[in-house]
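Here is the structure we will look at, set down as structure tokens.
The values are calculated or read from the model by the stated rules, or taken from the named source; none is laboratory data. Since the model is a prediction, treat every value here as computed from it, not as a measurement. Heads up, the Cβs are rebuilt from the backbone with ideal geometry, glycines too, and the neighbour counts pull from every protein chain shown.
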Amino acid sequence: LPGESAVVVLRLEVLADGGVGRVEVDVSSGSRQIDEAAIAYVRALGWTPGRVHNVQEATWVRYGVQLTA
């Protein structure tokens with residue numbers, strides 16, 4: 001319904017090349033469709049990989065997405 005919102009918290013693996021690897025739902029919105037929309041959203045974003053001793057490495061990130069109708 002208009003004005004309603006949902007929050008999804010995801011754990012995502014940011015790869016060394018900035019792409020997204022595995023994505024896990026940490027806190028679900030309660031709706032599979034909304035959770036999948038949040039996953040599609042984070043896959044479309046540009047990510048900066050982690051660095052260890054100035055070398056890009058894969059890292060895990062916890063990221064919240066709020067979707068509003």
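Being part of a strand (DSSP E or B), at pLDDT 95 or above and exposed (fewer than 11 other Cβ atoms within 10 Å of the Cβ), is that true of even one residue in segment 9-23?
yes
Restricting to segment 26-60, what's the tally of residues that are part of a strand (DSSP E or B) and either among the small types (Gly, Ala, Ser) or surrounded by 15 or more Cβ atoms within 10 Å (Cβ to Cβ) (or both)?
Counting residues in segment 26-60 that are part of a strand (DSSP E or B) and either among the small types (Gly, Ala, Ser) or surrounded by 15 or more Cβ atoms within 10 Å (Cβ to Cβ) (or both) gives 3.
Against the condition touching a residue at least 60 places away in the same chain (Cβ under 8 Å) and not acidic (Asp, Glu), how does Ser31 come out, does it pass?
The answer is no for Ser31.
Determine whether segment 31-47 contains at least one residue that is within 11 Å of Val65 (Cβ to Cβ) and among the polar types (S, T, N, Q).
no
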